[in-house]
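In what follows, a structure is listed as structure tokens, so that the remarks can point back to it.
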Amino acid sequence: MQKILRLIPSVDECLLAVLQDPEFETIPAMLLKKGIRAVLDQQRQKVLQGHDITTDDLELSVLLTSIKETIRALHQPVFRRVVNGTGVIIHTNLGRSVLPSDTLNQLCETSGNYSNLEFDLATGARGSRYSLVEKLVCELTGAEAALVVNNNAAAVLIALETLARQKEVIVSRGQLVEIGGSFRIPDVMARSGAKLVEVGATNRTHLKDYLNAITPETGLLLKVHTSNYRIIGFSKEVNNEELVSLGKKHQLPVMEDLGSGCLVDLSPYGLKKEPTVQEVVASGMDVITFSGDKLLGGPQAGIILGSKNFIEKIKRNPMNRAMRIDKFTLSVLESILRLYRDPQTVFERVPTLHMISTPITLVHNKAEQLAKVLHKSLKDCCTVQVAEVMSQVGGGAMPEQDLESRAVVLQPLTMTLNRLEQKLRALEIPIIGRAENNRLLLDMRTIRSDELHLIDKGLRQALAAEP
Ligand SMILES: *Cc1c(COP(=O)(O)O)cnc(C)c1O
């Protein structure tokens, strides 16, 4: 055993060998050594545990392959792109909305250089970062004023804190939403210092329920979009116009947390007609909040818009500073919003909308194209088929409304499905699919044509015989 252990090359020997390869020249020495030590230690452990290790296994040239692999893995960024084959378009775990490249060019321009983030170019005086997108938000939605904060959860929190701290907020029992990641209306309400007053029944709430709950303590009437669930059957919600006129009569602001919020009508693409943000503004709501990275297809942000006096109050809230967005968000948000000026091209240019609106024939063709390539390259190690599946909009938007789609369905013959999924996650560009009935589905609605070669390469690598 001692003899074999002595055959393990030294760290310095390995380091010299690794540095022969120009790929590793610029990697910090401490990382190279860390990778080398990890592999050498592993070999040492194997010998000590009595594994059958031959002198050939300890040849420097043999070890070098796994040393390089280990170093590459240590050196690559932890946060990186993946291929989304899940079919969930707004996938919170996979980064929600994908941004268009023009937007990213603009981001490089404003963030790789100095910018007018808080500098008014017209007067040469200090400016406000919020004014950069406020006009645009108002132009597109018809609102009087707007403010952007870190995300919609922050938007709801600051709006409630400003308008209803130490006051009562009336909400329908059917709208006490919990969305993923611990955002629950009752909890957010408690943190804002407002007191929740639930009215109506789970399935039905009437205008008189709100009316009967109004007291001198009431500060706000709140409507919440039931983003990720539906109450169907014998159900009733009070519409915006009725709620707004009730608020007017009692001089109470009316607010709607729209959740996803969308500036375009998605009903031509097989989804249920939902009021657009513009329509909600037109209904007279005083304050409206929605996310930047759900159906809008932009960066993480919470957009607050509505009547000038309420928005100004929210802007002045000291909490605003703690929720302020950075220049990256502002830059991307402005770029995205500008795309909405042209309702014809916005569906092509904003990836989230593009994925929703891609006709099934195109999705089908893409699936056939990938299946053909994979058939050839994965011949003996995997079966490949195209199947009809359903994609989801995701992001808690449009529950129970799936989009027709096609998937490439893979059944590995040389390893278990678990092992294949694990290997696909370990790729330099990981491929994330959906497991169903012991098969791996790659839903083509969330996969771009320019990713097909990545999938081919990744699958070949993942299914290659293990040493
Ligand atoms: C998604 C959602 C939120 C939270 O939005 P984030 O931008 O994720 O913070 C709040 N309310 C509703 C109704 C939602 O759907």
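Applying the selection to segment 26-59, what residues are under 16 Å from LEU16 (Cα atoms) and loosely packed, with under 13 Cβ neighbours inside 10 Å? Walk me through how you get there before you give the answer.
Our first condition is that a residue be under 16 Å from LEU16 (Cα atoms); within segment 26-59, this holds for 26-37, 39-40, 59.
THR26, PRO28, ALA29, MET30, GLU59, listed by residue number.
Within segment 177-189, is there a residue that is more than 23 Å from ARG96 (Cβ to Cβ), in the same structural domain as GLY298 (by TED's automatic domain parsing) and either within 16 Å of the ligand (Cβ to nearest atom) or hydroxyl-bearing (Ser, Thr, Tyr) (or both)?
Yes: segment 177-189 contains one or more residues that are more than 23 Å from ARG96 (Cβ to Cβ), in the same structural domain as GLY298 (by TED's automatic domain parsing) and either within 16 Å of the ligand (Cβ to nearest atom) or hydroxyl-bearing (Ser, Thr, Tyr) (or both).
Determine whether segment 382-399 contains at least one residue that is within 16 Å of the ligand (Cβ to nearest atom) and among the acidic types (Asp, Glu).
no
Give VAL224, VAL177, VAL156 a once-over and let me know the one that is at pLDDT below 95 and within 22 Å of THR92 (Cβ to Cβ).
Details: VAL224 fails: at pLDDT below 95; VAL156 fails: at pLDDT below 95.
So the residue among VAL224, VAL177, VAL156 that is at pLDDT below 95 and within 22 Å of THR92 (Cβ to Cβ) is VAL177.
When only residues in segment 341-367 that are exposed (fewer than 14 other Cβ atoms within 10 Å of the Cβ) and in contact (Cβ under 8 Å) with a residue 12 or more places away in the chain count, which is nearest to LYS135 (Cα to Cα)?
That would be ARG341.
Could you list, in sequence order, all residues of segment 109-134 that are exposed (fewer than 13 other Cβ atoms within 10 Å of the Cβ) and among the charged types (D, E, K, R)?
GLU109, ASP120, ARG126 - these are the residues of segment 109-134 that are exposed (fewer than 13 other Cβ atoms within 10 Å of the Cβ) and among the charged types (D, E, K, R).
From VAL254, VAL281, grab the single residue that is under 24 Å from LEU163 (Cβ atoms), in contact with a Lys or Arg (Cβ under 9 Å, 6 or more places away or on another chain) and more than 15 Å from the ligand (Cβ to nearest atom).
Just one listed residue meets the conditions, VAL254.
Hey, any hits in segment 190-197 for a residue that's out of contact with any Pro (no Cβ under 7 Å at 6 or more places or on another chain), closer than 23 Å to SER307 by Cβ, modelled with pLDDT of 95 or more and within 15 Å of the ligand (Cβ to nearest atom)?
Looking through segment 190-197, at least one residue is out of contact with any Pro (no Cβ under 7 Å at 6 or more places or on another chain), closer than 23 Å to SER307 by Cβ, modelled with pLDDT of 95 or more and within 15 Å of the ligand (Cβ to nearest atom).
What number of residues within segment 1-41 satisfy the criterion of being part of a helix (DSSP H, G or I) and modelled with pLDDT of 95 or more?
So the count comes out to 25.
The values are calculated or read from the model by the stated rules, or taken from the named source; none is laboratory data. This one's a predicted model, so the numbers in the text were calculated from it and none came from an experiment. Cβ: placed from backbone, ideal geometry, glycine included. Neighbour counts: every protein chain shown.
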